[in-house]
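What follows draws every value from the coordinates through simple rules; no lab data is involved. Computed from a predicted model, the values in this text were never measured in an experiment. Glycine also receives a Cβ, built like all others from the backbone with ideal geometry; neighbour counts cover every protein chain displayed.
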Amino acid sequence: MTTHEVINQVPPLVGYDAADDPALLDGLQREGAGWAAAELHELGRLGGGEAAIEYGRLANDHPPVLRTHDRYGHRIDEVEFHPAWHELMRTAVAHGLHAAPWADDRPGTHVARAAKFYTWRPDAGHGCPISMTYAAVPALRHAPELAARYEPLLTATSYDFGLRAPLTKRGLLAGMSMTEKQGGSDVRANSTSARPEPDGSYRLLGHKWFTSAPMCDVFLTLAQAPGGLTCFLVPRVLPDGTRNPMRLMRLKDKLGNRSNASAEIEYEHAVAWRVGDEGRGVRTIIDMVNLTRLDCVIGAAAGMRQGVLTAAHHATHRQAFGRYLVDQPLMRNVLTDLAVESEAATVLMMRLAGATDRSARGDAGETAFKRLALAVGKYWVCKRWPAHAAEALECLGGNGYVEESGMPRLFRESPLNSIWEGSGNVAALDVLRALGREPQVMAAFQAEVSAAAGADARLDAAVRQVRADLSDTGDLELRARRVVERLALVLQGSLLVRHGHPAVADAFCASRLGGDHGQAFGTLPSGVDFAAIIARAVPKLG
């Protein structure tokens, strides 16, 4: 007798092109990187392939292990990774997801890199050293002599893992080591000291509370020099091949991002070289922070897209009560709402990538726009991801709560981007700081949003409300989150009205700006073109 027959189960979500995303591809063309489409699809097919998905699973099921000493008692401070981690890293570096754009003069190169970073997401953890390496280059340029030596290796497309003198390797990865246990985001409270030496180097002494990817080759760190808080370049291995005394004390036991090692470290008079002037550490390293914030937005948008793909795939193949889930009105509402949120995040992410590219080429207007819009996007898109991930998981029912579905890992990952590089409060207060100190940034933001004036009455009304919010300066800090949320929504609405699919733009304006929406996902009003929006989210297998 047959006691167990497998029916009504969803086929694996493998064998698809992760770059087959209409909002992404439209943005790629619009922001000047259409020339990268072929490589993007190549990477997308890898990312949606069975091998990469399995690498992502293995890298998380076998997290990194700290080895402080070898068998003879020598201090080694190494982290061991599963081979799957190295495969993921090798692909990311080979396709230039790290610092490669800084060595490419083509317009749109930072847009292409953002699209590839969004597309290659079989595992989020390995994106951390990739992101930090990308962000390190503009900060390092504050020390031209160091940049001349290290930048060619940071931009090289060779993944050369191992502890060796940096300038003897084929390619380098860079990390950042800023926060300390007494200060967190308040880096001015850092107590790590930097003692100048006669040869122009410094010796660092102190403890760092959170250093992700501690097996990078070099790190940008903050320490108190005689002239104040200063940025330094710290190599893991010194030029003579000896190990710099950066002691890995323990690895953090994190909620998610488990494939990536995050360590507490101690500098025991570690050798470092100054990057920028003494006392200008925050201003120096902010160039790095702004780019890792961009990657927080990209990562959150990519996570939403993965959640929508998984939920839509499940609903397309799973039946309940005699009908496929995707054909049931309430599930259609949920899937559509998730897709609208995802596309709004993607269109904003690509606009920020375009601003980053043009800012890097000296466009002052785009620099001003990016200054405000990046902080707004970092707050809102990253804040929306956890709720989005939870709803996408629920679309799979009990199957979604099981590790094998991949959704628990996605859910555990979702809070990180809102915390990394400044939590929600830090991002919201940064928006207020920009508005108060740099009037040109609001002018650039308003010019962007006003480009859609008259196209949708709901958007126009929301823009007027934002202006009223900002004109009332009383208790503005108390209202900061509400103000930043509205700034984000009018920016997303403007982008969708001008560049998005009409059905997505209408659903967004009706629900996010017009107020015809409940508190949960899946409460869109009737009249939305559910079929057109869901069709953009169903993955094409094979």
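Observations
- Chymotrypsin sites (Phe, Trp or Tyr not before Pro) restricted to DSSP loop in region 1-73 with at most 15 other C-beta within 10 Å: Y72
- Mean separation of Cα pairs under 8 Å and 6 or more residues apart, divided by the residue count, gives the chain a relative contact order of 14 percent.
- A simple charge model with +1 on the Cβ of Lys and Arg, -1 on the Cβ of Asp and Glu and nothing else charged puts the dipole of region 283-535 at about 320 debye relative to its Cα centre.
- Relative to the current alpha-carbon distance between V6 and R71, full extension at 0.36 nm per residue lengthens the span by 18.4 nm.
- Lys, Arg +1 and Asp, Glu -1 on Cβ, resulting dipole of the chain about Cα centre, debye, nearest 20: 720 debye
- Estimated 222 nm signal from helices in the chain, with DSSP H stretches of n ≥ 4 weighted -39500 (n - 2.57), rounded to 500: -16000 deg cm²/dmol
- Legend: P(r) of region 283-535 from all alpha carbon pair distances, 10 Å bins from 0, whole percents, reading 7, 31, 35, 19, 7, 1, 0.
- At 0.890 mPa s and 25 °C, Stokes D of the chain from Kirkwood alpha-carbon radius, µm² per second: 102 µm²/s
- Think of region 229-343 as having a plus end and a minus end, set by charges on the Cβ of Lys, Arg, Asp and Glu; of G307, Y324, G276, Y324 sits farthest toward the positive end of this dipole.
- Once exposed loop GluC sites (Glu not before Pro) are cut out (DSSP; at most 13 other Cβ, 10 Å), longest piece of the chain: 6-476
- Dipole of the chain, positive direction: furthest Cα of M89, N260, A531, with charges on the beta-carbon: N260
- Its Cα centre serving as origin, region 31-81 has a Cβ charge dipole (Lys and Arg +1, Asp and Glu -1) of approximately 220 debye.
- Contact order normalised by residue count of region 22-279, Cα under 8 Å, 6+ apart, percent: 18 percent
- By the beta-carbon count within 10 Å of each Cβ, the least crowded to most crowded order of H62, H98, fewest first, is H62, H98.
- Nearest-0.05 FRET efficiency for R467 and A189, computed from C-beta distance (R0 35 Å): 0.45
- Mean Cα-pair separation over length for region 283-535, i.e. relative contact order, pairs under 8 Å, 6 or more apart, %: 26 percent
- Taking the C-alpha atoms only, the angle from helix 109-119 to the longest principal axis of the chain is near 70 degrees.
- Within region 1-86, the trypsin sites (Lys or Arg not before Pro) that combine a DSSP coil assignment with at most 16 other C-beta atoms in a 10 angstrom radius are R71.
- The distance linking region 132-158 with region 411-433 is 26 Å (Cα centroid to Cα centroid, whole angstrom).
- Violating pairs (Cα-Cα greater than 25 angstrom) within the set K254/K378; K181/K370; K383/K540; K116/K540; K181/K252; K116/K378: K181/K370; K383/K540
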